[in-house]
Amino acid sequence: MKSISLTATSPQSPAPSTCNRLPRTVTRWIMLLIPLGLLAMQSARAEQDPFGIPQKIAKPPESQTSKTTGPDAGPDAIEQRLRSKLSEQTSIDVNEVPLKEFLKLLSEKTNAPIVLDTRAIEEIGLSAQHPIRISLQNVSLRTILKLSLRQLDLAYVVKDEVIQITTPERAENQLATKVYTLADPLKGKAAKVIRVVTTTVTPDTWDVIGGPSSITAIDSVLVVSTTEETHEQIDQLLGKIETALQTRNPQ
């Protein structure tokens with residue numbers, strides 16, 4: 001009996017076809033292109049922010065020019081408003097109230113900063129506790145200050161953006177400069193106006209006779225340096241002269 005030998009043969013792998021090679025080629029290209037794409041993205045980010053952090057939109061630099069604060073913010077403007085406040089009307093009624101408390105009450109009623117020069121009044125033997133008695137209705141703050149301070153022989157000045165209560169001697173040494181624009185009836189008559197002012201308003205205080213006050217004309221503008229009280233008298237005098245001239249020569 002013949003024996004038959006059976007030999008198992010492994011099946012041969014089919015030859016790779018073109019269809020099987022194509023995906024591998026595409027895959028290799030993809031593997032090459034992905035790193036290149038990542039590098040390109042990183043490069044673009046680096047141009048925007050070298051640290052890899054998204055940058056915010058830069059704001060334009062602020063101007064270095066100092067900001068203007070407007071015509072009402074400086075010390076001169078504040079002091080001018082205080083002088084206007086002196087003309088505002090109010091009322092007061094106090095009986096034997098210490099000077100310090102009286103000034104505080106008046107400051108609160110008028111919304112005006114009023115400060116007592118304690119050192120100056122102590123030099124003449126007065127105290128902040130000295131009693132004040134006064135009762136006035138519907139009068140200007142200027143009038144209240146004058147009549148109440150007259151009891152103690154004191155004065156006031158507008159200085160350092162407050163109304164300071166001090167001695168007449170200190171007030172005379174604290175001059176304020178003010179500019180007056182002459183009204184139409186007085187234009188061209190500055191020399192005559194100066195003569196009238198220096199001979200009728202505190203005549204012993206002007207520099208022409210050795211006093212501290214001065215007055216100068218530039219066309220129809222007067223520049224006056226004198227005490228607060230003298231300025232008030234000049235205002236009143238110029239107003240009366242202008243009214244008189246307008247009445248005599250109506251337009």
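The values are calculated or read from the model by the stated rules, or taken from the named source; none is laboratory data. These figures come from a predicted structure and were not determined experimentally. Cβ placement follows ideal geometry from the backbone for every residue including glycine, while neighbour counts extend to all protein chains displayed. Heavy atoms of the whole protein, side chains included, go into the accessibility calculation; ligands, DNA and RNA do not. Shrake-Rupley method; radii C 1.70, N 1.55, O 1.52, S 1.80 Å.
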Per residue, how many Å² of accessible area does the range 162-227 show with a 1.4 Å probe? 52
Amide H contacts under 5 Å for residue 116, placed H, 5+ residues apart: 165
Coordinate range along principal axes, alpha carbons of the range 93-251, Å, largest first: 52, 36, 24
Within-10-Å neighbourhood charge of residue 220 [Cβ basis; K, R +1; D, E -1]: 0
Relative contact order of the range 145-185: what whole-number percent is it, with Cα pairs under 8 angstrom and at least 6 residues apart? 27
What's the magnitude of the charge dipole for the range 97-224 around its Cα centre, counting Lys and Arg as +1 and Asp and Glu as -1 at the beta-carbon? Answer in Debye, nearest 20. 440
What ³J(HN,Hα) values, in whole Hz, does the Karplus curve 6.51 cos²θ - 1.76 cosθ + 1.60 give for the range 108-113 when θ = phi - 60°, with x put for Gly and Pro? 5, 5, 9, 6, 10, x
What is the distance in Å between the Cα centroid of the range 145-172 and that of the range 192-251? 22
Among 199, 185, 166, flag the residue with its Cα farthest along the positive direction of the charge dipole of the range 157-214, charges on Cβ as +1 for Lys/Arg and -1 for Asp/Glu. 185
Tell me the carbon and sulfur percent of the accessible area for the range 117-232, rounded to whole percent, probe radius 1.4 Å. 49
Among residues other than residue 233 whose Cβ falls under 13 Å from its Cβ, what is the net charge (Lys/Arg +1, Asp/Glu -1)? 0
Residue-normalised accessible area of the range 77-152, expressed per residue, 1.4 Å probe, Å²: 56
By the Kirkwood definition, with r running over pairs of different Cα atoms, the range 93-146 has a hydrodynamic radius in Å of 11.8
